[in-house]
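Okay, structure first, notes after.
The values are calculated or read from the model by the stated rules, or taken from the named source; none is laboratory data. Note that the structure is a prediction, hence the values are computed from the model and not measured. Because the Cβ atoms are built from the backbone with ideal geometry, glycine has one as well, and the counts that use them run over all protein chains shown.
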Amino acid sequence: MKKSLLIFCTIVAPLAAVPALANESTVTGAAGGAVTGAIVGGPVGAAVGGVVGAIAGTALNPPPREVVTYVREQPVRATPVIIREEVRVGSRLPREVVLAPIPDRPEYAYAVVNKERVIVDPETYVVVGVVN
């Protein structure tokens with residue numbers, strides 16, 4: 001019992017303050033995963049949830065406003081790519097899709113896929129934003 005309480009106090013309890021630090025209305029990333037994991041699986045769930053949340057949260061953080069604005073204002077230069085899969089945040093584009101870099105923001109790139117402008121992580125090809 002003491003071991004469980006110690007784990008709770010050192011891993012889970014400090015995460016209770018994290019929602020106050022979040023930029024969004026929901027907590028994502030390691031903190032969100034750990035809190036969810038703790039609710040579902042206790043201290044072990046917190047540890048596993050933190051790792052899973054860190055991976056998902058890092059990939060899916062929304063791009064900054066200036067990146068969205070840049071992508072929205074760019075003219076379509078090439079023929080848009082059509083793929084069979086649905087394009088949504090979190091989906092992975094095929095490596096055949098040619099990405100256009102975003103100046104001054106090398107962590108983002110964009111493409112026009114299925115008639116939609118998408119912002120992509122150029123290392124993983126994961127869609128992090130769809131521009132309407």
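What to note about this one:
- Residue that is farthest from Val131 (Cα to Cα) [pool: residues in the stretch 68-102 that are small (Gly, Ala, Ser) and in a loop (DSSP other than H, G, I, E, B)]: Ala78
- Residue, farthest from Ala78 (Cα to Cα), within the stretch 107-128, restricted to residues that are without any contact (Cβ under 8 Å) to a residue 24 or more places away in the chain and touching a Leu at 6+ places or on another chain (Cβ under 7 Å): Pro122
- Some residue of the stretch 110-119 being at pLDDT 90 or above and part of a helix (DSSP H, G or I): no
- One residue alone among Arg84, Arg95, Arg88 is among the basic types (Lys, Arg), surrounded by 10 or more Cβ atoms within 10 Å (Cβ to Cβ) and at negative phi, and that residue is Arg88.
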